[in-house]
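Have a look at the structure below, then the notes.
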Ligand code: SF4
């Protein structure tokens with residue numbers, strides 16, 4: 001519809017954005033997940049019902065124990081894992097429907113993801129480390145732990161959008177698990193939607209979540225112009241030198257440090273400033289080690305160029321203005337968390353790409369409601 005109505009003709013800017021849809025799912029702890037998964041299998045596989053459970057029950061609900069008592073907790077987890085193993089063993093020769101196979105798959109997953117062997121042989125306890133890509137609910141298996149920031153963890157889903165910032169028209173959308181990274185998803189969304197005009201490059205506006213070298217390279221490879229906030233660089237010593245205080249000559253494969261000393265890059269992309277660091281007056285700002293080791297990471301030149309461009313006040317001002325406009329445009333659909341603490345529930349489901357470029361979906365005044 002955008003093509004036929006021409007509503008976006010002459011609009012060659014797109015904004016990539018994402019929002020965590022937390023509270024859309026009830027996160028379950030390990031014990032609840034194990035009990036729920038065992039029940040699910042016993043509801044759908046006859047052979048599993050014949051197993052005599054030692055700890056789990058078909059009525060569901062968490063057993064009453066003193067949760068602060070480690071021995072009681074570990075004993076409960078051990079009992080549940082043994083029940084899960086017995087149920088899984090009983091289903092090995094069973095003829096399975098798709099629903100039953102799914103239930104068995106889920107039980108096998110939850111009985112392995114959160115537990116680890118205890119000190120006594122045959123005992124189990126809740127794992128100290130959270131499994132990568134952990135299933136957090138047997139009710140909504142696509143939901144995952146995600147991060148709003150380094151410190152703030154949330155559970156649920158993430159909405160990824162491509163918007164035309166002047167009009168607020170969403171040209172593509174996708175709901176994923178909350179732990180899906182923004183960069184590759186944004187690249188996929190930009191590639192999937194129809195281009196406004198093949199002869200004019202699209203300017204892509206995005207925050208630093210889309211600022212990795214791989215994402216930049218992929219977007220640039222599709223012929224887009226990038227106005228993406230760079231990811232911050234971190235010094236080896238607090239308040240000390242960062243990557244851009246060193247000069248890398250990629251062709252000559254050399255690095256010059258802030259004190260002006262030159263070192264050769266190894267085949268693996270590492271330069272060592274032996275023997276210059278000993279006695280160097282700049283070392284407190286450079287390295288905690290006796291010798292500074294400098295690594296050139298993938299996409300280094302791309303990232304350096306992005307940070308260099310970002311030093312231009314005009315570029316930053318234009319970015320701020322567009323981001324402000326974008327926040328206003330997307331607010332009716334996906335209000336930012338600080339503005340609303342209410343759960344976000346809506347028609348979207350995880351994994352479904354909503355390519356709206358052909359439907360010209362304009363964000364309406366009501367949340368989650370779109371008008372064509
Ligand atoms: S500590 Fe080493 S790498 Fe750092 S500025 Fe001094 S000589 Fe250069």
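Quick notes
- Legend: calculated FRET efficiency, residue 64 to residue 108, from the Cβ-Cβ distance at R0 = 30 Å, rounded to 0.05, equals 0.65.
- Annotation: the residues 18, 75, sorted from fewest to most other C-beta atoms within 10 Å of their own C-beta, follow the order 75, 18.
- Debye intensity ratio in log₁₀ form over the Cα atoms of segment 251-295, taken at each q of 0.23, 0.30 Å⁻¹: -0.75, -1.16
- Packing-based exposure ordering (other Cβ within 10 Å, fewest first) of 167, 71, 78: 71, 167, 78
- Cβ-to-Cβ counts within 10 Å put 226, 16 in ascending order as 226, 16, the fewest first.
- Packing-based order for 234-243, 308-317, using average beta carbon neighbours within 10 Å, highest first: 234-243, 308-317
- Stokes-Einstein diffusion coefficient of segment 30-126, Kirkwood radius over Cα pairs, 10 °C, 1.306 mPa s, in µm²/s: 118 µm²/s
Throughout, read-outs are computed from the coordinates displayed, never taken from laboratory work. All figures in this text were calculated on a predicted structure; none of them were measured in a lab. Please note: Cβ atoms are built from the backbone with ideal geometry, for glycine as well, and neighbour counts cover all protein chains shown.
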